[in-house]
Each structure stands twice: as structure tokens, then as C-alpha cells.
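Notes to accompany the following structure.
Read-outs throughout are calculated quantities, based only on the coordinates presented, and are distinct from any laboratory measurement. Remember, predicted model here, so these are calculated numbers, not experimental data. Every residue, glycine among them, receives a Cβ derived from its backbone with ideal geometry; neighbour counts consider all protein chains shown.
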Amino acid sequence: MPIELREVSYTYAPGTPYAAQALKKISLIVRDGEFVGIMGRTGCGKSTLIQLAAGLLTPSAGQVFLDGEDINERHFDRNRLRQKVGVVFQFPEIQLFETTVEKDTAFGLKYLDWSGEKKQAAVRRALEWMGFDFEAVRNRSPFGFSGGEKRRLAIAGVLAVMPKFLILDEPTAGLDPLSREAFLELLRKLHQGGMTVLMISHDADALAEYAGRIVILKEGMLFRDGPAAEVFSDQEGLKENGISAGQVREMTERLRRRGWEIPCGTIRYGQLLEEIAGRWPR
Amino acid sequence: MSDAIKAENPVPDIVKAENLVHSYAEDGRRSLDSLSLSVKQGEFLAILGHNGSGKTTLARHLNVLLEVQQGELTVAFLNAKDPANVWRIREKTGMVFQNPENQFVSFVVEEDLSFGPRNFGVPEAEIPARVRRALAAVDMSGYEKRSTHLLSGGQKQRIAIAGVLTVEPDILIFDEVTSMLDPAGRKEVRDTIARLHEKGKTVIMISHDIGEAVGADRAAILNSGRLLAVGTPRELFTDPELLHRAGLTPPLPVRLYHDLRGRGIRLSYCPITCGELEELLCR
């Protein structure tokens, strides 16, 4: 179920003095089973891009296709889009609203023609994925949890629907290191289970570890698009544009400059460890 | 200053918490549990801990957004339990939060920065000078007439910091102020914080990014509302077992040091910055 953006442009507040073009003729295909990381400085159009991909904004020009069908056509079945494409926005915790965790997580299932048992099983599974004990939390108020826990609760609400395509906007910002790792491992599992993942993040180390492909936007245009090792190799080019290629890549560069013959595509922790151990003593 | 003079004039504790207990819920679950911690005047203290460890609850006590339920607390040498001190403490402690978006009260930088001092009754004639000084301190002189919503993330956070500085507090509290920013914005804000500390402000920085806390004078690690450990960044961050118990991960150089050790490669000491690791590996 690929999502394709074909020469998509988007302008906010068109025809007013505040008109701002956020995206300029972006073409991008995300294929089934990919894990794509989207990066770029604040204001480069990342969030606009995913809202277009999820059908939450209509392009000013160009088209967005899901499975080859234009999602902005009048006859396109939007319910299908909502069920297939799950979106986790920035600070999803502010979307919690129900009186209990179970009701909140189940809200997205409300209009699906699933049986009660199937819905409850989906809610239980989603909460367990996010590291909660279903029985212990189901009747608690979602507002009685800490910030990071609320984040995980909100994401459970999106996963309960079992989308085929998961879009996330900075899901790990503000999570503590272990929650971050646990969440990224969960994403890896969902991805291995066949889910297509499109994730915006500034966390280059996380993307290096988990995403196969990196897309970088700059001022509303495609700046880089390719395999992670290739895109992050050009550390200087990224740095000039205010983008970090991650701490591992930085360490690789420091050692390379000091004469270590470590390939510049060394972007993952495990790779770096092997490179150093394999070349020691110099 | 010689050690003898230091001993005679010890740096006073600008913040002193003793056995603080706080519970939000009626079920009595404790967000802070007998927490004792002090901060010296002019110190840069990093407070680390997992989500829900009590970091933010502690921070909210420091400017009396939360009242002391149990225990003792002095902030800026004032007893936080005395209601008469609330406003004076708030004037002495400036707090900046995580999300730059929801800290503005106006669309124009200058108006936003005037809001704090005006509320504290600073004479109108004095306010423009305060705004100018605050903008200079965050390296954004000349931004008086700019729109707050057109700034970058890093700039927004620096304006939020300037907004706190206009009240001229002694203690600055940063509650995960960089976690929403891109790397360039993070650097701007980190550099700003380091500069303010150099100029003598007491800085309390809450974070779970250890890399950010490496430059602090001291670090405190909270776990389930309790103080798990306090010490220099080097003492704490080179102890992966301690960090793991606190739900934190060691900095990259520390992780590499230990994993290399596991491979029989022994470096002479455990580095906490990439620069130190580089020197060790390139000797």
C-alpha cells in the first residue's frame, strides 16, 4: 500500500498577505514495508508533508495517491484512509480526553464494525505494546499519568486501529532514554510485522539505527533522499544546513580526521564499536 | 579564592529542600518522597530522571507553583511555606518550560517581554531598558518589534528565557527546554544557558539528555520521587549500572568505553565527552 506524493505544493493562507508556501513540488513514494525518516530544520515543511500524506490537508497543486488512488478525488473513500493510515502528532498526549484509559484507547474503534471482543482485544494489545498492564490501567483516568506515560497512552489509541501505515511526528521528543528505546524497539517490531513507518525526527541516531531511508527537506523542497548510510555520510553538507547526522556519525568523523580508516557510512552504534575494536591497537 | 577563605565564607545554599513529600493523587502515591537536595548560589545543577521521576514536581516547588505539603523548603533564602513569601520567591526564580509555543502572552517580542516586569510592579519607565538587557543576554538584540510566531524554535525558547530575565531572577529553572528543538536550536539554547551561568546566575536544569548535563557543576538523579544519587557529572555518568536503575542511558563515550572493555580493550579512564574519547583512542 504505497503512498505517493506527485509534485505536491502547499501554501498556507493563499491569496492573503500572510501566504506562505510550505512545500514546493515534492515528489516522493513510500513503498510497502519501508521505514522512512524525515528530517529538516524547524519550518522546513516536514509536518505539512505528513499532513498531506495523511489526507489532512489538500495540496495546493499536485496529487497524493494511496494504493494508486488519488485521495483527494471526490469519490475516494476517506474512511479507508483513516483506518489504513494512523497518525501520531507532536504531543499526542494533549489529545487524551476520555474518563478512563480503556475508553480513550478504544475511541478510534468506535465506528469500525468490529465485535466488542475484538475491540477489547485490540485495546488490550495496543496498551500492552506500549508497556502498560491492561488490567492495572484500564479504569484509571488518563490524566493521572506522567507526561511520558500519557504520550504512550495516546499512541496506544492510534495503534488500536491497527493501521497499515503509521505516520509519526517527533514521537520521541520528551521521552526519557529508556522509554525512547522501548518505543523505538516497538516501532521496529511493528515494522518487521509489515507496518510501513514514516517518522519525523531530529534524532539522527535513532533514525540511523532504525530507518532504512532518510528524506531531508529544506525550505519546502527535497534536499536529500536515500539510504541512511549514504545520506548521513555527507556530514558536512548536513551540518551546513543545521542538520545533525547523529553522535555516532560525529564520533566516526572525529576518528577519521585523526587517521582511523573507518568508513564514513558508519552511523550505527554497533558498527562503530566493531570498527574500533577491529582496528585496535592501531 | 584560597581554600581558607572559602572555608570561612562558604557559598550559601540558595535552595534547600528537606524531606519534601508531594502527592497529586488522593490515593497517596508520592511524586516526591522524602526528597532532600540543596543548590549552592551560582551553581549549575542538572536534575535528571526518567519520565515521572518527580523532576517537574520538584521544579514546580521551587517557584511555588506547588505548595509544600510536607517537609521544609527555602528558595532564595526565603521560606517557601510562608504564604507572604510566594511572590518574592517567584520574582527570584525564573522558570522556562518545554514547549516554546505556549509560553508567549503577546505576538510582539517587546510586549511579551514587558509582561513579567509589569506584573511585578516594575516602573513603566524602567521596562524598556530591562527588555533591552534581557534580549542582549540571549543574543537577540534588535528583536523588540518582531512577531513571536515567526521565530525559529531556538529563538522562541531564547525569547522565553529573556521573558524570565526581565524580572531579574537569581535562580533560573529550565524544565526540558531543548527537547522540542532541532539540533541547531538546541545548541543556541544550551549556549545561552551556559552564558547565563557564567554571568553568575544559579541554574537548575531539568533534562533526561545526559549529553546536555555533562557541563553542569553537579548532577542529581531522581528515581520514583527520591534522590537516587548526587555528584559531579563524571562521578554519575560513568556508572552505567546507576544510570540504568534511574531509567537513563549512558553517554556514547561511556557506552563505548565499557563495551570496548568487554572486548578486552582497556582505555586508561572512562571518557564522558566525544573529545575525551577521541584523545584516548588517538594516543
Choice from A:93, A:230, A:135 with maximal GNM fluctuation in chain A (Cα, 10 Å cutoff) | A:135
Across B:55/B:187; A:189/B:187; A:110/A:164; A:84/A:118; A:25/A:218; A:46/A:103, pairs whose alpha-carbon gap is larger than 24 Å | A:189/B:187; A:46/A:103
Return a whole-number percent for the relative contact order of chain B, with Cα pairs under 8 Å and 6 or more residues apart as the contact set.
-> 21 percent
How high is the relative contact order of the range B:1-105, given as a whole-number percent (alpha carbon pairs under 8 Å, six or more residues apart)?
-> 26 percent
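For residue B:146 and residue B:126, calculate 0.36 nm times their separation in residues minus their Cα-Cα distance, and state this gained length in nm to one decimal. All intermediate terms of the calculation are to be shown ahead of the outcome.
On the way: separation 20, 0.36 × 20 = 7.20 nm, distance 2.06 nm.
Computed gain between residue B:146 and residue B:126 is 5.1 nm.
Which FRET efficiency value, to the nearest 0.05, do you get for residue B:107 and residue A:29 by plugging their Cβ-Cβ distance into 1/(1 + (r/R0)^6) with R0 = 41 Å? Could the numbers behind the result be given before it?
On the way: r = 40 Å, r/R0 = 0.97.
According to the calculation, E is roughly 0.55.
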Residue separation between residue A:75 and residue A:274 times 0.36 nm, minus their alpha-carbon distance, gives in nm 66.2 nm
Relative to chain A, whose Cα atoms define the longest principal axis, helix A:116-129 and its Cα axis are tilted in degrees, nearest 10, by 30 degrees
Please report the relative contact order for the range A:3-245, taking Cα pairs under 8 Å with a sequence separation of at least 6, and give it as a percent rounded to a whole number.
-> 27 percent
With +1 at each Lys and Arg Cβ and -1 at each Asp and Glu Cβ, the charge dipole magnitude of the range A:1-117 around its Cα centre, to the nearest 20 debye, comes out at 540 debye
For chain B, set up a Gaussian network in which alpha carbons nearer than 10 Å are linked by springs, and say which option among B:137, B:125, B:213 fluctuates the most.
-> B:125
Please quote Rg/Rh for chain B to two decimal places, taking the Kirkwood radius as Rh and restricting both calculations to Cα atoms.
-> 1.00
At R0 = 22 Å, FRET efficiency that the Cβ-Cβ distance of residue B:13 and residue B:133 yields, to 0.05 = 0.20
Backbone N under 19 Å from the residue A:236 label point (7 Å along Cα→Cβ), restricted to the range A:250-272 = A:250-267
A correct Stokes-Einstein calculation for the range B:90-249, using the alpha-carbon Kirkwood radius, 10 °C and 1.306 mPa s, returns a whole-number D in µm² s⁻¹ of 96 µm²/s
Most exposed first by the Cβ proxy, i.e. fewest other Cβ within 10 Å, how do A:203, B:27 rank?
-> B:27, A:203
Once label points are set 7 Å from the Cα along Cα→Cβ at both residue B:88 and residue B:261, what is their separation, rounded to one decimal in nm?
-> 4.9 nm
For chain B, modelled as a GNM with alpha-carbon contacts under 10 angstrom, which of B:119, B:51, B:223 fluctuates the most?
-> B:119
Report, in debye and to the nearest 20, how large the dipole of the range B:178-263 comes out about its Cα centre when Lys and Arg carry +1 and Asp and Glu carry -1 on their Cβ.
-> 100 debye
What helix-only [θ] at 222 nm does the protein assembly as shown give? Using -39500 (n - 2.57) per DSSP H run of at least 4, over all residues, to the nearest 500, the answer is -10500 deg cm²/dmol
